[in-house]
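See structure below.
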Amino acid sequence: MSASALAQFGTKHVARGIGRLAAEVIESGSGSYVTMVGGRKMLDFTCGIGVANLGHCHPAVTKAAQSQTGKLVHGQINIAFQKPYLDLVKSLLPLMPHESLDTFFFWNSGAEAVEAAVKLARHATKKQNIIVMQGSYHGRTFGTMAMTRSKTVYGENYAPLMPGVFSVPFPYCAQCSVASHSNGKYSFEKCCMDPVLQLELLLKRETAPSDTAAIIIEPVLGEGGYVPPPAEYLAKVREICDKNNILLIADEVQSGFGRTGKMFAIEHWGVRPDILIMAKGIANGFPLSGIVSRKELMDMQKPGSMGGTYAGNAVSCAAGVAVAKAFQEERILENVAARGAELKGMLEAAKSDPKTGKMIYDVRGLGLMLALECMPGHGYGSKIQAKCMEKDMLVLTTSIYDTLRFIPPLNITKEDMAKGCQIIKEAIEEVAAGERPAETKTKGQALE
């Protein structure tokens, strides 16, 4: 079948509920590129939404998976231990952001891991309620739909959802109501800490600490716009949790495994989570997720209360071991720092340029988890995305605001990063040039 015929076949027979960036059919991937049926080669700044962090078909990961398929594909965890599972635990222990995180449970997807964390928190505390952040994304299963607050599309018309979920604002300084009414006196570098006050008020008004099992937070807001919190925020949340006997869950599904320049994003702020959730980059594309907590909490669960047919698949775990080894041997985090500085520098230069800055409201992010938020009301983000696609580059938008997110491979070469930066720069400039004749508003006016 031709590429167009295959795409038409997919449109006819694949569930319509799956959103899709492009009407293309991917045939292969290598490093920072994917090749479509028909031969079109595209620079991939999506990484399968932050999954193929070491690039497509990383040689060592591929070799580990190929080797494991000849030994054991499915070693069901409720039958017996299997070696790749235990090898992965050994590989991950030294990488954890705190020494108390020493006991693991592996599952398949990020949403399943979030539900495992909620299950653990409720069981360990004997309390029900969960506090989530506005703008957060935790999944599309029934439990995680109730917890996801980034867009209504994920839970629309699926009610009733899981009860006992409450939300508070995340410190999204670029869209903070306090900032928007500060008459220019507010600085993004110094947070007003209103979200901390709102969390304290929530615990007094809506969900008592005696009813609240956990606060779950993405250390860098993901689907909500790639928003890092202010320096003091997570420490304040940790204090509130300790004061009220509430567990702190760090959802590192998207921000973990080097994406922000640290193995786990929470390391930027030195805060200890009680439960850490991981997925996506853990096995570079093989289905695998997990939670890790301290043994005293994990041991509260009765044997048989956790499990799953495919949980901790042997091939996926072998791939995960290879991923952990690659981080140790290939200086991945050093590359993230260098390439992230190049990409962020280009985006900040576009914001400072009078010709293009009129379209750009904010540039933010850590490492290679970066975002460009556009002025509202014009669809600039989607226009820039379309220009990048025309130039054979895959990029994604995110959040309810007009925001582009950039998720290139963590081991992307300097040359490929330069190519990507040039494509993005040209796309921004071309969109700005098309808008110039109609330009009448200032940034402040555009926000009204």
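Gain in length, residue 23 to residue 353, computed as 0.36 nm per residue apart minus the alpha-carbon separation, to one decimal in nm?
Extra length available between residue 23 and residue 353 comes to 115.4 nm.
Write down the radius of gyration of segment 290-366 and its Dmax, each obtained from C-alpha positions, in Å.
Radius of gyration, then largest Cα-Cα span, for segment 290-366: 21.6, 63 Å.
Once label points are set 7 Å from the Cα along Cα→Cβ at both residue 103 and residue 161, what is their separation, rounded to one decimal in nm?
Result for the modelled spin labels: 3.0 nm.
So, R0 is 25 Å and r is the distance between the beta-carbons of residue 231 and residue 177; what FRET efficiency does that work out to, to 0.05?
Once the sixth-power term is evaluated, E becomes 0.75.
Could you give the length gained on full extension between residue 341 and residue 386, defined as 0.36 nm per residue of separation minus the Cα-Cα distance, in nm?
13.8 nm
Give, to the nearest whole percent, the P(r) tail of segment 313-448 beyond 28 angstrom, counting all Cα pairs.
26
How much mean residue ellipticity at 222 nm does the chain get from its helices, if each DSSP H run of length 4 or more adds -39500 (n - 2.57) and you divide by all residues, to the nearest 500 deg cm²/dmol?
That comes out to -11000 deg cm²/dmol.
Using only the alpha carbon atoms of segment 152-293, find the Kirkwood hydrodynamic radius as the inverse mean reciprocal pair distance, in angstroms to one decimal.
Kirkwood radius, segment 152-293: 16.6 Å.
So for segment 190-265, considering every pair of alpha-carbon atoms, how many percent are separated by more than 21 Å?
When every Cα pair of segment 190-265 is considered, 31 percent fall beyond 21 Å.
Using DSSP to call loops (not H, G, I, E or B), can you name the trypsin sites (Lys or Arg not before Pro) in segment 27-69 whose Cβ has at most 15 other Cβ atoms within 10 angstrom?
Within segment 27-69, the qualifying trypsin sites (Lys or Arg not before Pro) (loop, at most 15 other Cβ atoms within 10 Å) are 40.
Take the Cβ-Cβ distance between residue 242 and residue 204 as r, set R0 to 22 Å, and report the resulting FRET efficiency rounded to the nearest 0.05.
0.80
Pull out a ≥ b ≥ c, the square roots of the eigenvalues of the alpha-carbon gyration tensor of segment 141-180, then state rounded if a/c is under 1.5, prolate if not and a/b is larger than b/c, and oblate in the remaining case.
prolate
Could you list the trypsin sites (Lys or Arg not before Pro) in segment 105-164 that lie in coil according to DSSP, counting only those with at most 12 other Cβ atoms within 10 Å of their Cβ?
For trypsin sites (Lys or Arg not before Pro) across segment 105-164 that sit outside H, G, I, E and B with at most 12 neighbouring Cβ atoms in 10 Å, the list reads 126.
Given segment 14-137, report the % of alpha carbon pairs whose separation exceeds 27 Å.
Counting pairs separated by more than 27 Å, the tail of P(r) holds 42 percent.
Using alpha-carbon pairs under 8 Å, 6+ residues apart, how would you state the relative contact order of the chain in percent?
Over the chain, the number comes to 21 percent.
Nearest 5 is fine: what % of DSSP beta bridges in the chain come out antiparallel, could you say?
65
Can you compute log10 of I(q)/I(0) for the chain with the Debye formula, treating each Cα as one identical point scatterer, at q = 0.09, 0.10, 0.13 Å⁻¹?
Values, matching the q order: -0.59, -0.74, -1.26.
How big is D for segment 238-328, in µm² s⁻¹ as a whole number, if Stokes-Einstein is applied with the Kirkwood radius of its Cα pairs at 25 °C and 0.890 mPa s?
168
Counting C-alpha atoms alone, how compact is segment 370-427: give Rg to one decimal and Dmax as a whole number, in angstrom.
Calculated on Cα positions, Rg and Dmax stand at 11.5, 35 Å.
Would you mind calculating the gained length between residue 93 and residue 16 on full extension (0.36 nm times residue separation, minus the Cα-Cα distance), in nm to one decimal?
Contour length minus Cα-Cα distance gives 23.7 nm.
Would you please calculate the Kirkwood hydrodynamic radius of segment 53-121 over all C-alpha pairs and express it in Å, rounded to one decimal?
14.4
Any read-out appearing in this document is the output of simple, stated calculations on the displayed coordinates, not a laboratory observation. Just so we're clear, the structure is a prediction, and the values are computed from it rather than from any experiment. Note: ideal-geometry Cβ built from the backbone for every residue, glycine included; neighbour counts use all protein chains shown.
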